[in-house]
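Okay, so here's the structure we're looking at.
The values are calculated or read from the model by the stated rules, or taken from the named source; none is laboratory data. Since we're looking at a predicted model, the values are computed, not measured. Counting neighbours? That spans all protein chains shown, and the Cβs are built from the backbone with ideal geometry, glycine included.
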Amino acid sequence: MIDFKNGSFFKLKKVDGVIKEVEQLLIDGETIIGTYKGMRDSVTFTNKRVISLNVQGVTGKKKDYTSLPYSKIQVFSVETAGVFDVDSELELWFSGVGLVKFEFTGESDIVKIGQIIGSYIL
């Protein structure tokens, strides 16, 4: 599992399309809302959970998938980009895991992400 306690998940940028490795993990009735990618790793938001893909090793053949179901979120926080701080943040507190923090580039629609997560957990 990704070590969420050592700082935030790197700067994520929205990508078009679906990451094939994540698509194979979806269950019946689960749909992808959006995918965001860092250098090699990615985060996919579905209508049921957040799936983080951590590509490991030099070759990138080893991959870690972490599934974070919305049903386990206790609190969440959205921080929009500002004038000098152009990145936005999403903080999710999961029971049993604690704080998971994602940082997005200024181009990401963080308010929309927060709205979607709110609609699934409230």
Pair list, Cβ < 6 Å and 6+ apart or interchain, from segment 57-84 residues that are without any contact (Cβ under 8 Å) to a residue 60 or more places away in the chain and under 17 Å from Asp109 (Cα atoms) to residues that are surrounded by 11 or more Cβ atoms within 10 Å (Cβ to Cβ) and among the β-branched types (Val, Ile, Thr): Phe76/Ile117; Val78/Ile110; Thr80/Ile110
Does any residue of segment 69-91 turn out to be charged (D, E, K, R), part of a strand (DSSP E or B) and out of contact with any Ser or Thr (no Cβ under 9 Å at 6 or more places or on another chain)? no
Those residues that are assigned to a strand (DSSP E or B) and either of a type in the set (A, V, I, L, M) or farther than 13 Å from Lys20 by Cα (or both), I need them from segment 38-51; list them, please. Val43, Phe45, Thr46, Arg49, Val50, Ile51
When Phe76 is run through (1) under 22 Å from Val15 (Cβ atoms); (2) at pLDDT 90 or above; (3) surrounded by 18 or more Cβ atoms within 10 Å (Cβ to Cβ); (4) of a type in the set (Phe, Trp, Tyr), the failure sits at (1)
List pairs: first residue in segment 42-55 and closer than 14 Å to Ser71 by Cα, second residue assigned to a strand (DSSP E or B) and of a type in the set (S, T, N, Q) anywhere in the structure, Cβ distance under 6 angstrom, at least six positions apart or on different chains. Arg49/Ser67; Ile51/Thr44; Ile51/Ser67
Within segment 92-108, tally of residues that are more than 20 Å from Pro69 (Cβ to Cβ) and either part of a strand (DSSP E or B) or in contact with a helix residue (DSSP H, G or I) (Cβ under 9 Å, 6 or more places away or on another chain) (or both): 2
Looking at this structure, is Gly38 surrounded by fewer than 11 Cβ atoms within 10 Å (Cβ to Cβ) and under 19 Å from Ile110 (Cα atoms)? no
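Could you tell me which of the residues Ser67, Ser88, Ser8 is at pLDDT 90 or above and of a type in the set (Gly, Ala, Ser)?
Ser67
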Looking at (1) more than 18 Å from Ile116 (Cα to Cα); (2) in contact with a Gly (Cβ under 7 Å, 6 or more places away or on another chain), which is the only condition Phe45 fails? (1)
Pair list, Cβ under 8 Å, 6 or more apart: segment 6-28 residue under 16 Å from Leu68 (Cα atoms) and among the small types (Gly, Ala, Ser), other residue part of a loop (DSSP other than H, G, I, E, B) and modelled with pLDDT under 85: none
